[in-house]
Amino acid sequence: MSEQKADLVEAKTTLYQVIKEMDDEMSKRFKTTFDAIRREFGTVFTKLFGGGRADLVLIDPERLLETGIDIVAQPPGKKLQNLQLLSGGERALTAMALLFAILQVKPVPFCVLDEVEAALDEANVTRFAQYLREFSEQTQFIVVTHRKGTMEEADVLYGVTMEEGGVSKLVSVKLENDEAEIA
């Protein structure tokens, strides 16, 4: 019995050591990725807003695996404030800046966006669409939109129409950019 107890105590100690090592590794990876996303977020925010600044702040930096993250933003001409104090369009554009920052650090082959620019004014829609076009070199975007500015930057448009009651029809248009027309 005492041998079995010693084995169990040793297994428990080993298990706690493995858990600590995993926590340390997860904390290290989280901090590295967080710092990279934080750097990119500030850059992307400035591009999307045409100025201003933004930052990601750890609520409890001592407990990385349990902390929350605050988003602090200062659009051009405004004071630095928490995300909840921004307008709907500013919040949407800030969220897109965070998404693009994450995609800069950890690219994915494709991304689906569903009317993410609906709350934006025309100037911000244009900046968003132009940034999306630049970013599409790395990631293919499928964007559901009703905004003209976003559609103007697209390579291909797909639409669904209902010519007669209950029958949907798919319409597609391949757009050519200026460089393709010149060549």
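The values are calculated or read from the model by the stated rules, or taken from the named source; none is laboratory data. Remember, it's a predicted structure, so these values are computed and weren't measured experimentally. Note that each Cβ is placed from the backbone with ideal geometry, even for glycine, and that neighbours are counted across all protein chains shown. SASA here: full protein model, heavy atoms, side chains in, ligands and nucleic acids out. Shrake-Rupley method; radii C 1.70, N 1.55, O 1.52, S 1.80 Å.
List of remarks:
- Matching residues in the range 38-63 - criterion: being touching a strand residue (DSSP E or B) at 6+ places or on another chain (Cβ under 8 Å), of a type in the set (Val, Ile, Thr) and within 29 Å of GLU122 (Cβ to Cβ): THR46
- Residues in the range 66-88 that are modelled with pLDDT of 90 or more and part of a loop (DSSP other than H, G, I, E, B) were compared, and the one that is surrounded by the most Cβ atoms within 10 Å (Cβ to Cβ) is PRO75.
Every residue, every condition in (1) touching a residue at least 40 places away in the same chain (Cβ under 8 Å); (2) surrounded by 14 or more Cβ atoms within 10 Å (Cβ to Cβ); (3) assigned to a helix (DSSP H, G or I), yes or no:
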| position | (1), (2), (3) |
| --- | --- |
| LEU15 | no, no, yes |
| LYS28 | no, no, yes |
| LYS31 | no, no, yes |
| LEU48 | yes, yes, yes |
| ALA54 | yes, yes, no |
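- Out of ARG63, ARG91, sole residue that is surrounded by 15 or more Cβ atoms within 10 Å (Cβ to Cβ) and of a type in the set (D, E, K, R): ARG91
- Candidates VAL167, VAL125, VAL156 - the one that is touching a strand residue (DSSP E or B) at 6+ places or on another chain (Cβ under 9 Å), at pLDDT below 95 and either over 15 Å from LYS47 (Cβ atoms) or β-branched (Val, Ile, Thr) (or both): VAL156
- Residue list for the range 111-153, restricted to those being assigned to a loop (DSSP other than H, G, I, E, B), within 20 Å of VAL173 (Cβ to Cβ) and open to solvent by 70 Å² or more (accessible area, probe 1.4 Å): GLU115, HIS146
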